Structures are given as C-alpha cells and as structure tokens.
Amino acid sequence: MKLFLVLILLTSAYVFSAWKWGGLKKSISAKLEIQAQFEKKALILAKKNRLLEKEISDLKYMISKLESERKYLSVQHQIKNQIKDQGPERSIASIPKIETNDLVNFDVYKWTPEKLLAIGEKEFHFKNYEKSAQFYHELIHRFPQHNLVSDRVLFGAGVAAFETGKRYDWSEKYLSRLVTEYPKSEFYRGAKLWLALSQYNQGDHKKFATTVEEFRVKYRNTDEWKILSRYYENITEKIKQ
C-alpha cells in the first residue's frame, strides 16, 4: 500500500514537472517570437527612415535650385530695366556704387563666429540682404578657416552679396572659393550660375562667357543651363562685337 502511494506521488510530481516545463518552453518560445517580430519591424522602420531622409535631402536640393532660379529671373528683370534706363552707351558696371554704413561694428561688439552666422542667415531669410551680406562677410573675412565657413555658408554669402545690387566683388570672391574648394558640393552648379552673374554685373563679360560656355559643355541638361542659355547667344554676340 505504501509503495502504491509512493508511486502515485512520484507520478504526480513527474506530470506536474512536465506540465510546468512545457508551459515554460511555450512562454520562452512566445517571447522569442515576439522579439523576432519587433526586430523585423525595427528593420522595416529603419529602412523607411533612410528612404524618408533621402527624400527630404532631395526636396531640400530642389527647393534650393528653384529658389536660385526665382532669384535669377528677378535679378535679370532688374538688369533689363537698368539697361533700358541707362541707354545703350552705359554698361551695368558703370552704375555708381553707394556705400552703406557698417552694420556689424565688429570692433565694438566682438561678435563670435556663431553669432555672425546666425545674424547673417536670419537677415537673409527676411531679405535684408545688405545686413546679411555684411555679417557673412565679417564671418568669412575674420574667420576664413573656421569650420562654420562651409559650402552652404559661402553660397549664402555669395547670393546675399549679389542681392545687395552692388557687392558683386564679394559675391565673386565667395562663390569662386566655393567652386574651387567644394567641387562636389550640392551648391556647385548654383554657385557657378551666380558667379557668372556677378562677373557680368562687374562688366567682365569674358569671364561670364567662359562660365556660360562651361555650362553649355558640361551641364547642358541642367536647370541652370536652361536659365543661362536664354542669354547665351546674345552675350556671345556682344563679346564678338
């Protein structure tokens, strides 16, 4: 009788242990499956995130190009009006330059590079191009090798200087540095476009024609060439004369 009871107890203990172990195995298996699902979803989300980042980067580039084209067309309209008002005997380079006050006063305020850049970008955003150009100029002039002086900053400085309507020498200087130091920059072709306009507005039609010819040969299928090609034949004919 005692032996029978012992056997029953051992059998019950074994059954309970097997049941418990089976439940534990199922729990572990379920957790592993959930973890695998999470990892799979994480990989999918990471891939989607990379695609979204690329789309954002592409959109930013397109916005930059469209903004360059818009500004270029606006400037060309102004140039045509200036030529019309001046008559055929005067060139754009003969327009008198009006000096403005120093809007930076660096010796007084001792601006940091970060502050110079912040103000330059802010004033550019609000289309206060003279102030923006001066702050960009101080940053690049006083801290030429600072890591803040990137291709994007050189491009902004060049466009701001051009938009003042008189600081074409600054514009040419910054944009020349950009195309020399950053040949693979996303702003490269845009910089070449504005550089050509700066050269044109300084009366240097030969440099302008050289840049235009480079676009014609190397970048014929770009938006920048579509803009410059409208004036290519006209400028070439003027230079020949």
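The values are calculated or read from the model by the stated rules, or taken from the named source; none is laboratory data. Model, not experiment: these values are computed from the prediction. Methodologically, a virtual Cβ is constructed for each residue, glycine included, from the backbone with ideal geometry; neighbour enumeration extends over all protein chains shown.
Numbers at a glance
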read-out: Number of positions in the stretch 132-153 that are touching an Asp or Glu at 6+ places or on another chain (Cβ under 8 Å), crowded, with 22+ Cβ neighbours inside 10 Å and hydrophobic (A, V, I, L, M, F, W, C); value: 2
read-out: All helices (runs of 4 or more DSSP H) inside the stretch 94-163 with 2 or more residues being of a type in the set (Asp, Glu) and out of contact with any strand residue (DSSP E or B) (no Cβ under 8 Å at 6 or more places or on another chain); value: 113-125, 129-142, 151-163
read-out: Among (1) more than 16 Å from the chain's Cα centre (by Cα); (2) within 17 Å of Glu181 (Cβ to Cβ) - the single one Asn128 does not satisfy; value: (2)
read-out: Filter result (closer than 25 Å to Lys131 by Cβ, in contact with an Asp or Glu (Cβ under 6 Å, 6 or more places away or on another chain) and assigned to a loop (DSSP other than H, G, I, E, B)) within the stretch 165-207; value: Phe187
read-out: Val212 modelled with pLDDT of 95 or more, in contact with a helix residue (DSSP H, G or I) (Cβ under 8 Å, 6 or more places away or on another chain) and among the β-branched types (Val, Ile, Thr); value: no
read-out: Condition check for Tyr174: crowded, with 24+ Cβ neighbours inside 10 Å, of a type in the set (Phe, Trp, Tyr) and within 18 Å of Asn201 (Cα to Cα); value: yes
